[in-house]
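K.L.:
Pasting a structure below so you can have a look.
Please treat every number below as a calculation from the coordinates, not as lab data. None of these values were measured; they are calculated from a predicted model. In this analysis, Cβ positions are derived from the backbone assuming ideal geometry, glycine residues included, and neighbour counts consider all displayed protein chains.
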Amino acid sequence: MGGRLDPDLEAAAEEEIARACDLSWAQLARVAPWGDSYDGITPGGQGATYERGYLWAEEEGGDVLVEVAVYVHPELQDHAARRTRLIRRPA
């Protein structure tokens, strides 16, 4: 990859972070901290591993940090397309 971003993996990461953030803070608070990975297909049709994690951003019961990574081979995990979003705890 040579430092260049793979547009297919970037598109996959965008789709995955959108899905990951479909849950409300209340739903996420019941499962955080939690994460998983699965093998799937990118928008461009290549096989990839998708990782998703829900972590407490600072303290338990506070904001939830959502992280996703998409990569084609475990040895290329350092070159994954990554996205993060913060789901704020309601006031």
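K.L.:
Kindly establish whether residue 75 is surrounded by fewer than 17 Cβ atoms within 10 Å (Cβ to Cβ), over 14 Å from the mean Cα position of the chain (by Cα) and in a loop (DSSP other than H, G, I, E, B). Step through it out loud before you land on a result.
P.N.:
Numbers: surrounded by fewer than 17 Cβ atoms within 10 Å (Cβ to Cβ): yes; over 14 Å from the mean Cα position of the chain (by Cα): yes; in a loop (DSSP other than H, G, I, E, B): no.
Taking the combined requirement at face value, the residue does not satisfy it.
K.L.:
Can I ask one more? Would you check which residues across segment 1-46 are loosely packed, with under 11 Cβ neighbours inside 10 Å, of a type in the set (Gly, Ala, Ser) and more than 24 Å from residue 57 (Cβ to Cβ) and list them?
P.N.:
Passing the criteria: 2, 3, 45.
K.L.:
Could you list, ordered by first residue, the pairs with Cβ atoms under 8 Å in which the first is in segment 62-91 and touching a residue at least 40 places away in the same chain (Cβ under 8 Å) and the second is assigned to a loop (DSSP other than H, G, I, E, B) and of a type in the set (Val, Ile, Thr), at least 6 apart or interchain?
P.N.:
Correct list of pairs: 70/42.
K.L.:
Inside segment 22-49, can you point out the residues that are touching a strand residue (DSSP E or B) at 6+ places or on another chain (Cβ under 9 Å) and over 16 Å from residue 85 (Cα atoms)? Steps first, answer last, please.
P.N.:
Step one: of segment 22-49, the residues touching a strand residue (DSSP E or B) at 6+ places or on another chain (Cβ under 9 Å) are 23-25, 28-29, 31-42, 47-49.
Those that are touching a strand residue (DSSP E or B) at 6+ places or on another chain (Cβ under 9 Å) and over 16 Å from residue 85 (Cα atoms): 31, 36, 37, 38, 39, 40, 41, 42, 47, 48, 49.
K.L.:
Looking only at segment 78-91, how many residues end up being among the acidic types (Asp, Glu) and surrounded by 20 or more Cβ atoms within 10 Å (Cβ to Cβ)? Full working, then the answer.
P.N.:
Step one: of segment 78-91, the residues among the acidic types (Asp, Glu) are 78.
When the remaining residues are screened for being surrounded by 20 or more Cβ atoms within 10 Å (Cβ to Cβ), the result is none.
Qualifying residue count, segment 78-91: 0.
K.L.:
Now, a different point. Assuming residue 29 fulfils every condition listed in (1) in a loop (DSSP other than H, G, I, E, B); (2) more than 25 Å from residue 6 (Cα to Cα) apart from one, which condition is it?
P.N.:
(1)
K.L.:
For segment 5-46, name all the residues that are within 11 Å of the chain's Cα centre (by Cα), under 25 Å from residue 89 (Cβ atoms) and of a type in the set (Asp, Glu).
P.N.:
Narrowing segment 5-46 to residues within 11 Å of the chain's Cα centre (by Cα): 12-21, 35-37.
Narrowing further to those that are under 25 Å from residue 89 (Cβ atoms): 13-14, 16-21, 35-36.
Within segment 5-46, 14, 16, 36 meet the criteria.
K.L.:
Which count do you get for residues in segment 34-50 that are farther than 16 Å from residue 11 by Cβ and touching a residue at least 12 places away in the same chain (Cβ under 8 Å)?
P.N.:
So the count comes out to 5.
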